[in-house]
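Below: one structure, written as structure tokens.
The values are calculated or read from the model by the stated rules, or taken from the named source; none is laboratory data. Because the structure is predicted, anything quoted here is derived from the model rather than measured. Every residue, glycine among them, receives a Cβ derived from its backbone with ideal geometry; neighbour counts consider all protein chains shown. The area values use the complete protein model at the heavy-atom level, side chains included, leaving out ligands, DNA and RNA. Shrake-Rupley method; radii C 1.70, N 1.55, O 1.52, S 1.80 Å.
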Amino acid sequence: QARAGRELLAGLADPEHDSGEVSARLMLEIVLALLDRNEGDAAMQEVRPLLRRPVRAAAAGAVGRLRLALATRVHLAEGRHEPALTLLADAVEGAQRHGVDAVLAECLEGLSHVHEARGEFADALHCVRAAYAAEGRHRRTVETARSALLEHCGSARREVASLVGCAQRITDRRE
């Protein structure tokens with residue numbers, strides 16, 4: 001179905017209206033399916049054109065996760081550290097540039113594992129600390145958004161509950 005979605009996007013009068021997010025997410029689904037079937041070479045061929053283009057902000061999360069998946073499930077699985085480092089460094093750079101802290105934390109953790117496997121313990125520790133900081137920023141952002149939603153929408157929920165309770169009391173009196 002992800003391939004059908006890509007065909008729909010290609011059929012748009014201007015495929016750039018997508019902003020890159022939908023096509024990157026569809027590509028992520030295709031690549032993960034190929035990797036699940038142990039078709040790493042096919043996944044690399046499929047994603048190569050996307051990885052050569054500049055990453056737009058809307059697609060940064062999906063492209064970062066694509067790079068992480070390829071680095072860990074293809075290159076590291078085959079013991080190739082250099083291409084894994086390159087993919088992960090690109091993913092980290094994109095996530096930092098576009099402020100995608102959740103993806104940044106995941107990619108930094110992957111990068112720390114590569115550095116550790118190579119015996120580069122100072123770099124591995126730096127990545128772990130940076131990943132921890134990114135996770136903290138992400139948690140604070142989520143909590144701020146949750147609080148704002150509760151502040152603006154929470155009262156509406158209470159009003160609905162009050163109206164439902166009122167309606168229930170009215171129907172109870174009629175019975």
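A few notes on this one:
- From the alpha carbon centroid of region 35-66 to that of region 118-132 is 25 Å.
- Solvent-accessible area, 1.4 Å probe, carbon plus sulfur percent, for region 45-175: 56
- Trypsin sites (Lys or Arg not before Pro) restricted to region 17-70 and DSSP loop, no more than 13 other C-beta within 10 Å: 37
- Sequence-ordered 3J(HN,Hα) estimates for region 38-47 from the Karplus curve with 6.51, -1.76 and 1.60 and θ = phi - 60° stand at 6, 10, x, 5, 5, 5, 5, 5, 5, 8 Hz, glycine and proline given as x.
- Interatomic Cα distance distribution for region 45-140, bins of 5 angstrom, percent: 2, 16, 25, 25, 18, 10, 3, 0
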